[in-house]
1. Determine if segment 43-62 includes at least one residue that is of a type in the set (Lys, Arg), closer than 24 Å to Ala135 by Cα and surrounded by fewer than 18 Cβ atoms within 10 Å (Cβ to Cβ).
2. Being charged (D, E, K, R) and assigned to a helix (DSSP H, G or I) is the filter here; which residues of segment 187-219 pass it?
3. Check segment 180-199 and report whether any residue there is at positive phi and in contact (Cβ under 8 Å) with a residue 60 or more places away in the chain.
4. Go through segment 104-138 residue by residue and tally those that are charged (D, E, K, R), buried (at least 17 other Cβ atoms within 10 Å of the Cβ) and within 16 Å of the ligand (Cβ to nearest atom).
5. Against the definition (hydroxyl-bearing (Ser, Thr, Tyr), closer than 21 Å to Thr108 by Cβ and touching a strand residue (DSSP E or B) at 6+ places or on another chain (Cβ under 7 Å)), how does Ser43 come out, yes or no?
6. Going by the conditions given, is Gly71 surrounded by 13 or more Cβ atoms within 10 Å (Cβ to Cβ) and within 10 Å of the ligand (Cβ to nearest atom)?
7. Residues that are surrounded by 14 or more Cβ atoms within 10 Å (Cβ to Cβ) and more than 12 Å from the ligand (Cβ to nearest atom): does segment 21-30 have at least one?
8. Checking Ile101 against (1) over 18 Å from Gly15 (Cα atoms); (2) near the ligand (Cβ under 9 Å from one of its atoms); (3) assigned to a helix (DSSP H, G or I); (4) of a type outside the set (S, T, N, Q), only one condition comes out false. Which one?
Amino acid sequence: MKMNEHYVIRGGVPGRERLRILARVMQPTTRHLFEQIGLEKGSSCLDLGCGGGDVSFDLARWVGSTGMILGLDMDEEKLAMARCEAEAQNLDNISFALSDITTWQAETKFDMIYGRFILTHLQDPASVLAHMAQALRPGGIMVFEDIDFTGHFCYPASAAFNRYVELYSEVVHRAGADPNIGLRLPGLLAETHLENVQMNVVQPAARQGEAKIMAPLTMDYIRNSVLIHELAAEQEIEEIVSALYTFAYNPNTVLSLPRVVQAWGYRPQG
Ligand SMILES: C[S@@+](CC[C@H](N)C(=O)[O-])C[C@H]1O[C@@H](n2cnc3c(N)ncnc32)[C@H](O)[C@@H]1O
C-alpha cells in the first residue's frame, strides 16, 4: 500500500519511536478515559490509525481474553513492529490490518471504535465518522482523542516555539487537514447522530521529562513536509529544532503538548 501522502509526520521506524514516547506521555490520561467510559472486559474494539499499537496493547489487556482488538493503519512498517510486540507481550486477542481507514469496510460490528491523533490527519473526518458509525453495534461507543494546536504553550515565550507551531499548523492545513480539530470533536460526533456526547480536555505539560521532547521531535519529523511546501529552508529548520531541544532540556522552562480533547458518544439503540 502507498504511504498516505496526507500524513505530514515521518513514518516507519523513526516515526514509530516518536509514537512510543508520545504513548508514554499520554498513557495516564488515555487510561483514565477508558475508566471513565466504563470500558468492559470482553469488549470488541477497533483502533483507527493505531500506529505502533501502543493503545491497542493497553486495550487488549483491558478487555482481556474474551475481548478482541483490531488495529488499522496504513504504515506497513509500524504494523510489522506492532505484530512483533503483541506477540512478545503474549497478547493473542489483538490483530492488525494494513488499511486506509477512509475506505476500509467493516465485516463485523464493534462495541467501541477508538482513535487517537488520527482525525487531525484526515481531509474529510465527518465522512469517515459516518461510515465508521455503521461498524458500531447499537449502544456501542465511539471515542476520539485529538489535538488543538492553538492551545499548545510554553513558558517563557520562545520565538522558535512560535515558529514551530506556525509551521506545524501550516503543513497540516496544506495537507487539507485540521491541526485544531480537537475542539470540533464533540460537534463531529453529534453530527454523526451519536447520543449523549461528552468531552474532557487534557494537556500534559512539564518542566522535565519526555513531554518536553515532543515539540523538538515533531519539528524534526515534519521537516520533509515543510521543505516540500517551501515553508522554510533546511537551515532554518535546523535552527528551530536545535533551539527547541535547548529549551526542552532547560529545567527552568515549561513545555506542553498541544491541548488534547477527548470526546465520546453512543450509537442509538433502536
Ligand atoms: C499520530 S499517529 C497516532 C498513532 C496512535 N493512534 C497513537 O496514538 O499512538 C497517526 C497514525 O495514523 C496513521 N494514518 C494516517 N492517515 C491514515 C489513514 N488514512 N488510514 C490509516 N492510517 C492512517 C499514520 O500512519 C499514523 O500511524
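Each reported figure results from applying straightforward, stated rules to the coordinates on display, with no laboratory input. Note that this is a predicted model, so its numbers are computed, not measured. Backbone-built Cβ (ideal geometry, glycine too); neighbour counts: all protein chains shown.
1. Start the filter on segment 43-62 by keeping residues that are of a type in the set (Lys, Arg), which leaves 61.
From what is left, the residues that are closer than 24 Å to Ala135 by Cα are 61.
Subsequent filtering for residues that are surrounded by fewer than 18 Cβ atoms within 10 Å (Cβ to Cβ) retains 61.
Among the residues of segment 43-62, at least one is of a type in the set (Lys, Arg), closer than 24 Å to Ala135 by Cα and surrounded by fewer than 18 Cβ atoms within 10 Å (Cβ to Cβ), which makes the answer yes.
2. First, the residues of segment 187-219 that are charged (D, E, K, R): 191, 195, 207, 210, 212.
Scanning segment 187-219 gives Glu191, Glu210, Lys212.
3. Our first condition is that a residue be at positive phi; within segment 180-199, this holds for 193, 196.
Adding the requirement that they be in contact (Cβ under 8 Å) with a residue 60 or more places away in the chain leaves 193, 196.
The answer is yes; a qualifying residue exists.
4. Filtering segment 104-138 for residues charged (D, E, K, R) gives 107, 109, 111, 116, 124, 137.
If we keep only those that are buried (at least 17 other Cβ atoms within 10 Å of the Cβ) too, we end up with 111, 116.
Narrowing further to those that are within 16 Å of the ligand (Cβ to nearest atom): 116.
Total meeting the criteria: 1.
5. Considered against the rule, which asks whether it is hydroxyl-bearing (Ser, Thr, Tyr), closer than 21 Å to Thr108 by Cβ and touching a strand residue (DSSP E or B) at 6+ places or on another chain (Cβ under 7 Å), Ser43 comes out as yes.
6. On the way: surrounded by 13 or more Cβ atoms within 10 Å (Cβ to Cβ): yes; within 10 Å of the ligand (Cβ to nearest atom): yes.
So Gly71 fits the description; yes.
7. no
8. So the condition that Ile101 fails would be (3).
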